[in-house]
Amino acid sequence: MLSPLHCCHYKDRKSLFAAKAGESSVVAVDGSAKMASVATQVAKNNGMLYDENVEAEQKQGSAQVISVVHTKAEELNQKIQVPQNGFDLLVSEWMGYCLLYESMLSSVIYARDHFLKPGGAILP
């Protein structure tokens, strides 16, 4: 199983796609409190929101794998325990509108350099 990191402005559902594809852990990151809240609700509505209070035995066979973190990619390691080996996959809509508005290229480059495993992939 891959461990994807989804850096996003949550206007899409890439985290849901990764979870539905069978990933064991998906971390969705958004710098906007409002959009992180929307992402949390979408994951919850789809039964995919990770809940640390649910016992491991109850999670077996469950799709509760999405953790939503309200932060910038540059501050992710201050908010969560990043996997020691890093993430296998970085998914981001990094270009923004017209390649300029909401461009996240610098955040994606930071996430690549600090959180992506050697040989990991960036999509799209």
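A count restricted to segment 72-86 and to residues that are touching a residue at least 12 places away in the same chain (Cβ under 8 Å) and at negative phi stands at 9.
Evaluated against (1) at pLDDT 90 or above; (2) part of a helix (DSSP H, G or I); (3) surrounded by 13 or more Cβ atoms within 10 Å (Cβ to Cβ), V108 falls short on exactly one condition, (1).
The values are calculated or read from the model by the stated rules, or taken from the named source; none is laboratory data. The model shown is predicted, which means the values in this text are computed figures rather than measured ones. In this analysis, Cβ positions are derived from the backbone assuming ideal geometry, glycine residues included, and neighbour counts consider all displayed protein chains.
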